[in-house]
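Reading through the structure tokens given below for one structure.
Coordinate-derived values only; no laboratory data. Please read all numbers here as calculations on a predicted model, not as lab measurements. Every residue, glycine among them, receives a Cβ derived from its backbone with ideal geometry; neighbour counts consider all protein chains shown.
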Amino acid sequence: MAMESVMLLLGTPAPPFGLRDVVRGKTYSLESFAGKSALLVMFICRHCPYVVHVQEELAKIGRDYHDTGLGIVAISSNDPVSHPDDAPPKLKEMAERLGLMFPFCFDETQKIAKAYRAACTPDFFLFDGARQLVYRGQLDDSRPGNNKPVTGRDLRAAIEAVLAGKPVAHNQHPSIGCSIKWKQGQ
């Protein structure tokens, strides 16, 4: 079932995290991106058709901004018991197939998704150098089946603004995707 992102208040500080990358096994945290003038935190997964629809653009964003002031981390928080395609070995396959140039971490406890108030996949959170939220919302207007091209326009405009030291437009639209698959009893 499709759902919209929560749209946290702009200015919200980035919640801390410490998560292991499914490809390299290294643990990443906010401190791993010290010195970066912006940080993009993406909640994605492997099985969701909304993520599958935009996954090539996400990989392209990783390539396009690899040697810039933007740090990027992707996080999957879905329950791998109910959704085995979102288990770490399958996430690793996805990251390698797409050639992701950023860490793809697994949130086994789902505490990080809750701290960020992530609601769907994909869900995007862009923080400035002080790790204050400057953008939360959609990648662009494209959705599976709506025949609009995947461009990353909305997210890219926000990234460009924050990297240029300019304000990010406050007219932001929620992301839409599959709900986070919470563990039973959570």
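Could you give each residue of region 80-94 its phi-based ³J(HN,Hα) in whole Hz, using Karplus coefficients 6.51, -1.76, 1.60 with θ = phi - 60°, and x for Gly or Pro?
x, 6, 7, 9, x, 5, 9, 6, x, x, 6, 5, 4, 4, 4
Charges on Cβ only, +1 for Lys and Arg, -1 for Asp and Glu, centred on the Cα centroid of the chain; of Gly18, Ser179, Leu40, which one is farthest towards the dipole's positive end?
Gly18
Enumerate the amide H contacts of Ile75 below 5 Å, restricted to partners 5 or more residues apart or on another chain; note that Pro and chain-start residues carry no placed amide H.
For Ile75, the qualifying residues are Met42, Phe43, Ile44, Cys105.
Mind checking which aspartates and glutamates have their Cα closer than 16 Å to the Cα of Lys148? Skip sequence neighbours fewer than 8 apart in that chain.
Glu56, Glu57, Asp140
Sort region 1-87 into rounded, prolate or oblate with this rule: let a ≥ b ≥ c be the square roots of the eigenvalues of the Cα gyration tensor; rounded if a/c is under 1.5, and if a/c is not under 1.5, prolate when a/b is larger than b/c, oblate otherwise.
rounded
Taking R0 as 30 Å, what FRET efficiency do you get between Arg97 and Asp141 from their Cβ-Cβ distance, rounded to the nearest 0.05?
Once the sixth-power term is evaluated, E becomes 0.70.
Under 5 Å between amide H atoms, partner at least 5 residues away or on a different chain: which partners does Ala38 have, H built in plane at 1.01 Å?
Gly71
With each run of n ≥ 4 DSSP H residues scored as -39500 (n - 2.57), what mean residue ellipticity at 222 nm is computed for the chain after dividing by its residue count and rounding to the nearest 500 deg cm²/dmol?
-7000 deg cm²/dmol
Using a 4.7 Å Cβ cut-off, which Cys residues in the chain lack a partner cysteine?
Lacking a cysteine Cβ partner under 4.7 Å: Cys45, Cys105, Cys120.
Give me Ser77, Ser179, Ser82 ranked fewest to most by other Cβ atoms within 10 Å of their Cβ, as a rough exposure proxy.
Final ranking by Cβ density, sparse to dense: Ser82, Ser179, Ser77.
Which distance in Å, rounded to a whole number, links the C-alpha centroids of region 26-77 and region 101-163?
One Cα centre to the other: 8 Å.
Output the Kirkwood hydrodynamic radius of the chain, Cα pairs only, in Å rounded to one decimal.
That comes to 16.2 Å for the chain.
Could you go through region 112-124 in sequence order and give the Karplus-derived ³J(HN,Hα) for each residue, using 6.51 cos²θ - 1.76 cosθ + 1.60 with θ = phi - 60°, rounded to whole Hz, and x for Gly and Pro?
6, 4, 5, 4, 7, 6, 5, 10, 8, 10, x, 9, 10
Rounded to whole Hz and in sequence order, give me ³J(HN,Hα) for region 158-175 from the Karplus expression 6.51 cos²θ - 1.76 cosθ + 1.60, θ = phi - 60°, writing x for Gly and Pro.
After applying 6.51 cos²θ - 1.76 cosθ + 1.60, I find 5, 4, 4, 4, 5, 5, 8, x, 9, x, 8, 4, 7, 7, 10, 10, x, 6 Hz.
To make sure I understand the rule: partners must be lysines, Cα under 22 Å from the Cα of Lys166, and not fewer than 8 residues away in the same chain. Which ones qualify?
The reachable lysines, counting only those whose Cα sits under 22 Å from Lys166, are Lys36.
Please give, to one decimal in nm, the separation of the simple spin-label points placed at Arg24 and Gln184, each 7 Å out from Cα toward the Cβ.
Between Arg24 and Gln184, the simple spin-label model gives 3.7 nm.
Taking H placed 1.01 Å from N in the peptide plane, check which residues at least 5 places from Arg143 or on another chain put their amide H under 5 Å from its amide H.
Lys148
Given the Cα-Cα distance of Val81 and Glu56 and 0.36 nm per residue of separation, how much length would full extension add, in nm?
Taking 0.36 nm per residue and subtracting the Cα distance, the gain is 6.4 nm.
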